[in-house]
Each structure stands twice: as C-alpha cells, then as structure tokens.
Amino acid sequence: MNNSVNSLSTEELSAIDEELEHAPYRSAVAIDALKIVQSHRGWVSDSSIKEIANYLEMSSEELDSIATFYNLIFRRPVGENVILFCDSVSCWIRGCAKLEKHINKTLGITRGQTTEDDKFTLVPVPCLGACDKAPVMMVGDSLHENLTEESINRILEDAAVKGKER
Amino acid sequence: MPTIVIDGKEYEVPQGENILEACLGLGLDLPYFCWHPAMGSIGSCRQCAVIQYQNPEDERGKLVMGCMTPVQDGARFSITNEAASSFREFIIESLMVNHPHDCPVCAEGGECHLQDMTVMAGHRDRRYRGLKKTHRNQYLGPLIHHEMNRCITCYRCVRFYKDYAGGSDLSAMASHDHVYFGRHEDGKLESPFSGNLVEVCPTGVFTDKHLVNDYTRKWDLQSAPSICPGCSVGCNTSPGERYGKLKRVHNRYNPDINGYFLCDKGRFGATYVNSEKRIPAVGRRSKDGLFDAIDSSQALTDIAKGLSTSKVIGIGSPRTSIETNFALQNLVGQQNFCTGISETETALVSACIEAIKESGAKIPSPREIERCDAILILGEDVTNTATRIALSLRQAVRNEAFNMAEGLQLQSWQDAATRMLVQDERSPLFLASPHATQLDDIAEGIFNLSPSNIAHLGYSVASLIEGKKDDAAKKTDANDYGNIAEALLKAERPLIISGTGVTDTSVIKAASSITSALVAKGKETYLSLIYQEANTLGITLLDQGQGPSLSNIFEQGENNSIQTLIIVENDLYRRAAKHKVDKLLQAADQVIVLDILDNETCNQADIVIPASSFAECEGTLINFEGRAQRHFPVFESKHPCRPSWEWLTEIGKISSNKNMLEWQCFDDINKACSESSSTLTGINEVAPDRKYRVGGRKIPRQPHRYSGRTAMVANLSVHEPKQTDDTETPLGFTMEGHSGDRPGELIPFVWAPGWNSNHSVHKLQTGSEGELKGGRSVVKIESKKLIQSKQQVKSVNQNNDQDHFIAVAMYKIFGTGELSSQSPGIIELCESESIELAIEAADKLGVSNGDGVTAHGVNGTVDLEVKINDSLISNCVGIIQGMPGAANINPGEGLSLTRSENWVRRSEIISSDQLGGKNV
Ligand code: SF4
Ligand code: SF4
Ligand code: FES
C-alpha cells in the first residue's frame, strides 16, 4: 500500500508479528512495536509512527500519544550512542552533578543534545537500579558503575571508536 | 433524598450525585475544570476540593475532591474552610504557572471558564517569575483555531473528542509540562463534532476560527434563541451577531434534544447569512440576465394584480418555516400549493408518516435515544443526515457499560472507572447500509446490502421476532439475522432507525413491521425516522397531500396552463432534472422567486425578492419527532430583506385575500396556521407571543453593560443611536430588560454573576442535565393526528438487470445542505459533485478516481466525476445529494454507466487553481 522508503522492514514486521501472537488485540503491542522500530533505526520518525499505527490498526494520534509519553522512545534522531545518565538521589549524593558537567565539557553537549559528529546523545534518567554502585550511567546497552572523570573519559573514547552498540 | 451538611447548613440533594454536582445544583459556587455535566468526573484537575468531616465532632476533616465524592445521607462538608479554599487557590496558581497573562488578546476572554474560576478561587497575584512553557500551534482545518499555550491540562478535550464522540485524531501527547493536545500532524479534525471543543475547552485553546478572524467578545454579541436549520433534528442554538454580521453559533441547552453539544454543520454552517450572494434588493431580471433593482411596492402591486387574473402556482420549501409555507398556501390556495419536495422524497416521507401511525412505537427524542439499549439502523446514514443523533447513539451503546457499573455500585458519573471496567463492551447496535458509515466502529453487526436487501433483512427480522421461523425468514437469514431479533427482544427499550435517506419505501415499511412486531410482544419500542431537511415533516403536514406534486406542476407547465409561478426559498435545480425545471420556468409567463441567496432558480426568475434568513426572522420548524420549535430574529439585516411570510402577506393584502387581510404580525399568521388544521393545533404554544413580558419587561438580546452603550458607531458619533423597537417578539434589541428565569425557548444567551462562560447554564437548570428552571413548552404533534398524504406516486422504473446499477442517495454533512454549504469554512470541506463506485464497478468501466462517467437514466445523461468507495456494494452507485447534477438522477433508479471520453480531470484543468492558500 505504502511503498515509501520508510516502510517497515521485513525484520521489523516479523518481530512485531511475534509480539502480536501473545496479544489480545493489535494495539496492545504498541510499546513493543515502537521499541522494535527504535532498535532498528535508533529513533521513531513521524512516518514510522504512521506505518506502525497503520499496521496495528490504530490512529497515528493514538500511537503518538504513547510514543511521546515515554522519554526513552526517541521521536527525534539521536547519536550512535545514547548516554543515559542517572541524576537521581544516590548518584547525586555521590557527586553526579560534577560528572555531568564533565561530560558537558568533554562532548560539548548538554541534556537532550547530540554531538555534532552524531556519536553521542545525553539523556538524564531518574534511576538505573544500581544505587549501590553510584554514580552510574548507561552507554548504549552497557551499564557503567562507580563513575569517575577518568572512567568516563575511557568509556566515551571506547564507545566513540566502537560505534553503535547492539 | 439524602440530607447533607455544607458549612453548617442542611440541604436535601438528589440521590446518586456527587458533591460538586450537588453544590452547583444548590446554587453554591465551587470551582471545577475536568468535570462536565455530560461527561462525568475523573478527578484529575483537583480544583473542586472540599473538606469532608467524619462526624459532627470531627473539626479537622479531610480534603476530598467534590466531583469524586458521592453524596451520602448525613455527610458533612465545607467549601469555605480555609484548608480547602487555599488548596483551590493554589491549584489555580499552579495552572497559571504556564498560562499566558494576555486575556485581552485571547478569543476566550469574557466567556472563559478559567477566568471565572480564577476569580472564584481568589487567586490574584502571580508569584512565578520564570519562563513559561510554550508550544507550537497546529492547523486543525478551516473551522477550529488552536492556541496550545492556553492549555491547563484538564483533559476535557480528549475526553469529549475520543471518549464521548468516538474521534481518533486528537490525543494527549507527551508528559509533565510538555503535555500537548493536538493531532499527530497538521490537518483538519475529522470528527463531525469537533466544534464542541470550542465550548468544552475551559480556556482559549480551541476557538471558533470564523469568530477569531472577525472577532467580537461575548458581551458585545447580540443573540436570540434559535433553531438550527441544518437538518431535521432541530438542535437549539444561540447565534450571535454584531455589525449586522452573524459571528458565531453556540449551543443552547435543551435537555431533550442537543443537551450540551451541536454538530459542526449546525455550529459552522450558518454564516452563509453574511454571504455576498445575498439577494441585494427586489429586482427584475431581464432576458439578457441583468438584474435591475425595482421599487418594491410597485413590484408587489404588479404581482398582486397578476394573481387575480391568472392561474397561479406556489412552490414552497422544506427548508423554511411553517408560517412562510402557510402564507404561500393561503395566497395561492391549497390546490395550487406544492411542497417543492421531489416525487421520490414525498413518497418516502408518506411512508414514514404511515409507519409512525401504524407501528404503535414511541418516537424518541435524542435524549430518549441515549437510553435505548438495542438499536437497529436500516439504511439511514445518520452521521450525515441527522448528525447530532449519531452522538446520541454513541451514548446509547454505553448503556451496557452503565449496567455493568451499576452492578459494582459505581455511579454513572464515575467516568474513568466505568470505562476501565467495561473496556469494549457495548449495548448491541446493528447497521444495514449499502456502504460503510461513521458508526461502523460501534456496531456489533454490519450488513452491507442494497436498499431492497435491507428491506428484506428488515422483514426477516420482523418475522423472527413474531416467531414465524419458517416462511419469510429462510434458514440462512435465521442465522444471520437471528442475533438482531434476539438482541431487540432482550432489550428493555429497543430502537429502530430508518428514514428517507435510504430512498426505498420498502425499507421504511420493513422498519415499521419490526416495530409492530416488538410492540406486539409488549416491548417499549422506539422508532426514529429521519427526514432530510429542517421542516420536511412540517410542510408535509401542512400540505396533507392536498396540493399538486412537483411532477404535476411540470405537466401543467408543459400544457402552458401556468401563468404565474411563485417559488419560495427553494432552488428547483436541486430538486428535479434540469431539463424539466428549465421547461417549467420558461413556460410560466411570470416567475417570482423569494430567496435568501442567489441561485440557479433566481437566475431564471422575472422578479427576485430578498428573503430573511433564519437568523433574521421568526419562524416555526417541525423536527423529525414532530416537535414544533420557534426561532427568533437575532438581528435586523442590513439588506432590504424581509421574512418571506411578510412579503407574501403583503401581496395577499394588496390582492384582498380574505384570510390574509387580518394578519398584522407573525403571531397572527402563526395562530391562523394553528387553527387551520387539527394536525397543527398547538404550534402557537411553542413559545410565548409578542406580548409576553416578565414584570412588564421584554427579554434583552444583549448582555448588560453598565455604560449602557454598544459604542458601535462611536467612530461617527458619541451619541448611542436608539435601538429599534421589536414589536414582533417578546425579545428586545437591547441590553435592558428581564434576565432572570425565563422560559427555555426565550433564553438568548447564558450568563450569571461570576459565571461568564457557557458553564453559567447550570444556574438556569434544576441539576446538571436537568430541566430549565424557567420551564419549557414542549409541543409535539401526536402520532394519531398525523395525516398522510394521499399522493399516488409512480414507482421509478428500476432496471435491475446486470448492466444497470442502482442509484443510491449519498448524503454528506458538508455539501448536501444548499445553504450551509455556502458558509465560509464549510465551503472548504464540501465534497464535490461525484458518483461513488465500488472498485469492481470502476474496473469494469475502466475508470479510476477523478475520471468521468456518463450516467444514462430516465432523465437522459449526466457526466459525473468518479470517486471510488471501497465499501460500496458493487451493484450500487452513490449519488451525492443536494448537487445540481445529482438532481438529474432519481435515487433508486437503474442507471447504465459508460466511461466518459471527453472528461477533463480536475487536476488537468489548472493546477494552480487548486493551490488555494490554507488559512492557518
Ligand atoms: S486543550 Fe483545553 S480542554 Fe484540552 S486539556 Fe487543555 S485546557 Fe483542557
Ligand atoms: S444535528 Fe442537525 S439540527 Fe443539530 S446542529 Fe447538526 S445540522 Fe443542526
Ligand atoms: S473537577 Fe473535580 S477534580 Fe477536576
């Protein structure tokens, strides 16, 4: 029906289909479908919203209200690596504010921004469930604990070289 | 009734209400945002907080939300308690953190619920000095203006749009202070009820675009109680005017009909009144088409002279008042008065009247429709032909939800809980239609059938109800249609809906036989039959089948036996085939047309007379239930127009017409009409007459202003000109007079001290959704008094062979109505004239969207643009009604179609013509 370049790929569709097998009705898999598409494309564009909504027999508005509600569904392009930086109470006690400034300086970005080379996006999160090892952050899919300025430098350098983590 | 204590005083309140409702009903002021009388409570805004005490000893109490707390005998509350009032003030202050401080440039100002509540809650000084969150506005189509910064996140808009009206293209987006109410992307709001957002939103986020573009504050508007002329539902409206222009239409509360909501045709389809196509003066049209203004008294004298010496025919109209049609009927005589409704439609209306008389069912008001718990719609596309009723049907299918909630002792106003509990459970609604409709999403069963098969379905259901399983209902039907019969039999209040839109009398007869069968089973059965125009039923009852039919008039024209033809508010080119109308208008020696806007019939007239629109004159309309209702003039037109009944009466007087000589004013005509037949008896009691006063005073059309000035001509003179006296109605063109309780049919606008917005209506009601304190006259014509037309209608020849398609009438909310479709905004939404084809049919003809086909029918051929409609059954084609080309095709006739070879696709005409700027 819609042959635009943004049509959902076969992989995406089959992953969504798999979710649909366990769902009582199509729109029940909305969040999973958004996550699937995001995992393939890094973010969820307007046209992806339309494609997914169409596939799940919902209106774009209904799906977009879900997509925009969740901070970790990205409705704008993000860098290769998304830094989820915890600024919740344990990390704050352990000095995360200073570390965040360090990241700001090193990468030249603040919360919500993406580096010019599209390598990193910085997003604050309220907890990563690792308070005993605070301060913590996630880069891509890996969790980094007991952060210091030095460890952050190393993590970022590694990530920049490795590119996108899957 | 439980007794509760509020601030130390005992009150009796209705069982089952919540505290907020109860307080408002008692006349106590308690601020609120998210609650709505028709949509119930969700307790999200926290504005209606009160203190509840456990017992008389409890001095501290606890904070509860009024809208979420049911009344209980002996319960004790405080509104004025400091903890509660400072909490409410704080809530407003937090809402104000992101709200702009620019009421003077906001289109809601002066009738804003947020302004009212801010003052009521006592929040005066803003302490927040930081930046405010701002949003980008969206283009929501030509009707609604969007200003998202004004949002206070009460969620009423989405609750109305999605939950109440079933729309899907408006949502709450994002979270915390990014929350945004809008569409996924710019584009017109698709719901035909979108205009209600203007009144539902307590702030200026959604406003009437037409009003915004040419703005007047509520306190400067002049209003009158009116009736929407858009369709046969007859919603009550309150149009507002300034500087001689109709600025907007607001809802006018009527608990039986529209309640709090209108459809978009009613709200936005009235500004044709300001159109440049208004007939400018009494004029003579010369043979070369030029229009010369002529002296009106001379013209009337000439017309009167013609009346006495020649054979005269009068053609009335179902889109105008009983009084205008009655005046015409008196002028030309009953035997020369034609309703102006097409042959096919007249037959359908007669079938409806017969069905009402014979079935013994009750005719429900829209409010009663909401209480029906099993529904079968036979053919009528309600969303397009009687739009407000579609909204009532959406509430009717929730009866199952309310039953389930009751089982858990949840009150019906517990909106979020009820919706969560029932999910998609609905009361059964079955739909039979030749094409998809906008109610399919709530239907339990959808039957896509041709009109004659819909009738067959109807008869089968009737026999199943009667228990005659073997004969009429075949085995297959028993399976398919058994569910319908079962659901209708199981229901407490089954409802059958049909109407003239389906263009097949047998469908109406089938509807009647189902209702008869249900009545015979002792069921409290309801039958709704929809007509296509505001006064279709009224004019039919006036005519009583006595006058000649339209085709009889055409025959008389062919025999050259008509000398004078008076056509009142009726564009014949939309009623009958062009060649027939052409011939008629040429055959008559003198054609006189009274109308509001210029049209094709006016073009062919010898004398054209400007008629007042519904907003400029008094008149009575009879809706689909047989309910008679009065509209009053909102303002004096700056055009030299007069009500058609007034013009006609004057002609009658000049020609010494015995009946008409005594008519001095509207009330006289109305009274004469009421006395003219037993059917119309009582239409003079629809509203108080012109002599009605409260304490010796008339009812003002304008809100009170302390200066007593409208300042309308202040640029020319500081002296306020004297207002015109209104000698015809109980209303005054003034801001002075009685504005306390008054009859419901005499409420021009709503206002109460401290309540400038439309929420003030609760001060006039006895409880939310209740009756109006000033009373209301309800005049419904009893079924047994209905007189059927005796007209013999030749059946249209149906070519049902393989090569012919059945023409089914398609009605469009925007486009079918002759006048509404000429209102700014609506113009952009109107469907163009086309023929809708199923894919199979299009393939067979080798055409696609935008191509042309030639339809060959009894009236010759007509070329129409193709629109593919996936949902249409393949042996039917849809003809959009109310368009000149469509008038050449009789709904129901068999058409043969060929591809039109000379057709020029619209996109190929001039593509730059289509780049009309969109109005953001
Ligand atoms: S847009 Fe209006 S109705 Fe909707 S949440 Fe905001 S203030 Fe309430
Ligand atoms: S439903 Fe009919 S009467 Fe009511 S507002 Fe719409 S067009 Fe007017
Ligand atoms: S009106 Fe009661 S919480 Fe909003």
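Here's the yes/no breakdown for (1) in a loop (DSSP other than H, G, I, E, B); (2) more than 9 Å from every other protein chain (Cβ to nearest Cβ):
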| site | (1), (2) |
| --- | --- |
| B:C157 | no, yes |
| B:K162 | no, no |
| B:S168 | yes, no |
| B:F181 | no, yes |
| B:E185 | yes, no |
| B:S191 | yes, yes |
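Given the residues B:A38, B:A22, B:A49, which is the only one that is within 16 Å of ligand 2 (Cβ to nearest atom), at pLDDT 95 or above and away from chain A (no Cβ under 14 Å)?
Working: B:A22 fails: within 16 Å of ligand 2 (Cβ to nearest atom); B:A49 fails: within 16 Å of ligand 2 (Cβ to nearest atom).
Going through B:A38, B:A22, B:A49 in turn, the sole match is B:A38.
Of the residues A:E61, A:E150, which is under 30 Å from B:L189 (Cα atoms), modelled with pLDDT of 95 or more and more than 19 Å from the chain's Cα centre (by Cα)?
A:E61
For a quick check of your reading of the model, give me the residue pairs whose first member lies in region B:383-407 and is assigned to a loop (DSSP other than H, G, I, E, B), whose second is within 16 Å of ligand 2 (Cβ to nearest atom) and not basic (K, R), with beta-carbon atoms closer than 8 Å and at least 6 apart or on different chains.
From region B:383-407, the pairs are B:A386/B:C231; B:A386/B:S232; B:A386/B:V233; B:A386/B:E380; B:A386/B:G499; B:A386/B:I530; B:A386/B:F624.
Can you tell me which of B:Y11, B:Y32 is farther than 23 Å from B:Q115 by Cβ and of a type in the set (S, T, Y)? Even if it seems obvious, please write down each step before you answer.
Numbers: B:Y32 fails: farther than 23 Å from B:Q115 by Cβ.
B:Y11 is the lone residue from the list that is farther than 23 Å from B:Q115 by Cβ and of a type in the set (S, T, Y).
What are the residues in region A:43-92 that are in a loop (DSSP other than H, G, I, E, B) and hydrophobic (A, V, I, L, M, F, W, C), if any? Spell out the reasoning first.
First, the residues of region A:43-92 that are in a loop (DSSP other than H, G, I, E, B): A:43-45, A:56-59, A:70-80, A:87-88.
Answer for region A:43-92, where residues must be in a loop (DSSP other than H, G, I, E, B) and hydrophobic (A, V, I, L, M, F, W, C): A:W43, A:V44, A:L56, A:M58, A:L72, A:I73, A:F74, A:V78.
May I ask you to say which residue of B:L95, B:L143 is within 16 Å of ligand 2 (Cβ to nearest atom) and under 39 Å from the mean Cα position of the chain (by Cα)?
Details: B:L95 fails: within 16 Å of ligand 2 (Cβ to nearest atom).
Step by step, each of B:L95, B:L143 is checked, and only B:L143 is within 16 Å of ligand 2 (Cβ to nearest atom) and under 39 Å from the mean Cα position of the chain (by Cα).
Sort through A:L20, A:L56, A:L107 and tell me the only one that's out of contact with any helix residue (DSSP H, G or I) (no Cβ under 6 Å at 6 or more places or on another chain) and more than 12 Å from chain B (Cβ to nearest Cβ).
Numbers: A:L20 fails: out of contact with any helix residue (DSSP H, G or I) (no Cβ under 6 Å at 6 or more places or on another chain); A:L56 fails: out of contact with any helix residue (DSSP H, G or I) (no Cβ under 6 Å at 6 or more places or on another chain).
Result: A:L107 is the single residue among A:L20, A:L56, A:L107 that is out of contact with any helix residue (DSSP H, G or I) (no Cβ under 6 Å at 6 or more places or on another chain) and more than 12 Å from chain B (Cβ to nearest Cβ).
Among the listed residues A:G140, A:G108, identify the single one that is among the small types (G, A, S) and without any contact (Cβ under 8 Å) to a residue 40 or more places away in the chain. Outline the logic, then answer.
Details: A:G140 fails: without any contact (Cβ under 8 Å) to a residue 40 or more places away in the chain.
The match here is A:G108.
In this structure, does B:D73 turn out to be surrounded by fewer than 17 Cβ atoms within 10 Å (Cβ to Cβ) and touching a Lys or Arg at 6+ places or on another chain (Cβ under 9 Å)?
Working: surrounded by fewer than 17 Cβ atoms within 10 Å (Cβ to Cβ): yes; touching a Lys or Arg at 6+ places or on another chain (Cβ under 9 Å): no.
Criteria not met by B:D73.
Would you pick out the residues in region B:105-128 that are more than 16 Å from ligand 3 (Cβ to nearest atom) and of a type in the set (A, V, I, L, M)?
Once the filter is applied, which keeps residues that are more than 16 Å from ligand 3 (Cβ to nearest atom) and of a type in the set (A, V, I, L, M), region B:105-128 yields B:V105, B:A107, B:V119.
B:N81 - would you say it is of a type in the set (S, T, N, Q) and touching a strand residue (DSSP E or B) at 6+ places or on another chain (Cβ under 9 Å)?
On the way: of a type in the set (S, T, N, Q): yes; touching a strand residue (DSSP E or B) at 6+ places or on another chain (Cβ under 9 Å): yes.
For B:N81, the condition - of a type in the set (S, T, N, Q) and touching a strand residue (DSSP E or B) at 6+ places or on another chain (Cβ under 9 Å) - is met.
Would you mind stating whether A:L84 is within 14 Å of another protein chain (Cβ to nearest Cβ) and in contact (Cβ under 8 Å) with a residue 12 or more places away in the chain? Spell out how you get there, then give the answer.
On the way: within 14 Å of another protein chain (Cβ to nearest Cβ): no; in contact (Cβ under 8 Å) with a residue 12 or more places away in the chain: yes.
No: the conditions fail for A:L84.
Is it the case that B:L837 is at pLDDT 90 or above, surrounded by 15 or more Cβ atoms within 10 Å (Cβ to Cβ) and in contact with a helix residue (DSSP H, G or I) (Cβ under 8 Å, 6 or more places away or on another chain)? Please lay out each step first, then the result.
Details: at pLDDT 90 or above: yes; surrounded by 15 or more Cβ atoms within 10 Å (Cβ to Cβ): yes; in contact with a helix residue (DSSP H, G or I) (Cβ under 8 Å, 6 or more places away or on another chain): yes.
Spelling it out, B:L837 is indeed at pLDDT 90 or above, surrounded by 15 or more Cβ atoms within 10 Å (Cβ to Cβ) and in contact with a helix residue (DSSP H, G or I) (Cβ under 8 Å, 6 or more places away or on another chain).
Can you name the number of the only condition in (1) within 13 Å of ligand 1 (Cβ to nearest atom); (2) not in a helix (DSSP H, G or I) that B:G141 fails?
The failed condition is (1).
Does A:A67 satisfy the condition of being over 19 Å from A:G140 (Cβ atoms), within 14 Å of chain B (Cβ to nearest Cβ), surrounded by 19 or more Cβ atoms within 10 Å (Cβ to Cβ) and out of contact with any Lys or Arg (no Cβ under 9 Å at 6 or more places or on another chain)? Quick ask: steps written out before the conclusion?
Numbers: over 19 Å from A:G140 (Cβ atoms): yes; within 14 Å of chain B (Cβ to nearest Cβ): yes; surrounded by 19 or more Cβ atoms within 10 Å (Cβ to Cβ): yes; out of contact with any Lys or Arg (no Cβ under 9 Å at 6 or more places or on another chain): no.
Spelling it out, it is not the case that A:A67 is over 19 Å from A:G140 (Cβ atoms), within 14 Å of chain B (Cβ to nearest Cβ), surrounded by 19 or more Cβ atoms within 10 Å (Cβ to Cβ) and out of contact with any Lys or Arg (no Cβ under 9 Å at 6 or more places or on another chain).
So B:G204 fits all but one of (1) within 14 Å of another protein chain (Cβ to nearest Cβ); (2) more than 18 Å from the chain's Cα centre (by Cα); (3) small (G, A, S); what number is the exception?
Just one mismatch for B:G204, condition (1).
Filter region B:205-262 down to the residues that are free of Cβ contacts under 8 Å to residues at least 40 places away in the same chain, polar (S, T, N, Q) and either crowded, with 21+ Cβ neighbours inside 10 Å or within 16 Å of ligand 3 (Cβ to nearest atom) (or both) and list them by number.
Result: B:T237, single match.
Could you pull out the residue among B:E323, B:E370 that is out of contact with any Gly (no Cβ under 6 Å at 6 or more places or on another chain) and charged (D, E, K, R)?
Details: B:E323 fails: out of contact with any Gly (no Cβ under 6 Å at 6 or more places or on another chain).
Only one candidate passes the filter, namely B:E370.
Out of B:L63, B:L140, B:L131, which single residue is away from chain A (no Cβ under 14 Å) and either within 16 Å of ligand 3 (Cβ to nearest atom) or touching a residue at least 24 places away in the same chain (Cβ under 8 Å) (or both)? I'd like the intermediate steps shown before the answer.
Working: B:L140 fails: away from chain A (no Cβ under 14 Å); B:L131 fails: either within 16 Å of ligand 3 (Cβ to nearest atom) or touching a residue at least 24 places away in the same chain (Cβ under 8 Å) (or both).
Going through B:L63, B:L140, B:L131 in turn, just one is away from chain A (no Cβ under 14 Å) and either within 16 Å of ligand 3 (Cβ to nearest atom) or touching a residue at least 24 places away in the same chain (Cβ under 8 Å) (or both): B:L63.
If I go through region A:25-43 residue by residue, how many of them are within 12 Å of chain B (Cβ to nearest Cβ) and in contact (Cβ under 8 Å) with a residue 12 or more places away in the chain?
First pass over region A:25-43, keeping only residues within 12 Å of chain B (Cβ to nearest Cβ): A:25, A:27-28.
Subsequent filtering for residues that are in contact (Cβ under 8 Å) with a residue 12 or more places away in the chain retains A:27.
Of the residues in that region, 1 qualify.
Just give me the residues in region B:414-441 being surrounded by 20 or more Cβ atoms within 10 Å (Cβ to Cβ) and part of a helix (DSSP H, G or I), in sequence order.
B:D415, B:T418
Considering only region A:19-42, state which residues are within 16 Å of the chain's Cα centre (by Cα) and part of a loop (DSSP other than H, G, I, E, B). Before you say what the answer is, go through the steps one by one.
The first filter runs over region A:19-42 and keeps only residues within 16 Å of the chain's Cα centre (by Cα), leaving A:31-42.
If the condition is that a residue be within 16 Å of the chain's Cα centre (by Cα) and part of a loop (DSSP other than H, G, I, E, B), then A:G42 is the only one that fits.
Looking at (1) more than 13 Å from ligand 1 (Cβ to nearest atom); (2) under 26 Å from the mean Cα position of the chain (by Cα); (3) in a loop (DSSP other than H, G, I, E, B), can you tell me which one B:G195 breaks?
(3)
Anything in region B:213-270 that is part of a loop (DSSP other than H, G, I, E, B) and among the hydrophobic types (A, V, I, L, M, F, W, C)? List them, or say none.
Here is the first cut: in region B:213-270, the ones part of a loop (DSSP other than H, G, I, E, B) are B:214-217, B:221, B:224-225, B:228-235, B:243-244, B:252-253, B:255-258, B:260-263, B:269-270.
Within region B:213-270, B:L221, B:A224, B:C228, B:C231, B:V233, B:C235, B:I257, B:F261, B:L262, B:C263, B:A270 meet the criteria.
The values are calculated or read from the model by the stated rules, or taken from the named source; none is laboratory data. Please read all numbers here as calculations on a predicted model, not as lab measurements. Because the Cβ atoms are built from the backbone with ideal geometry, glycine has one as well, and the counts that use them run over all protein chains shown.
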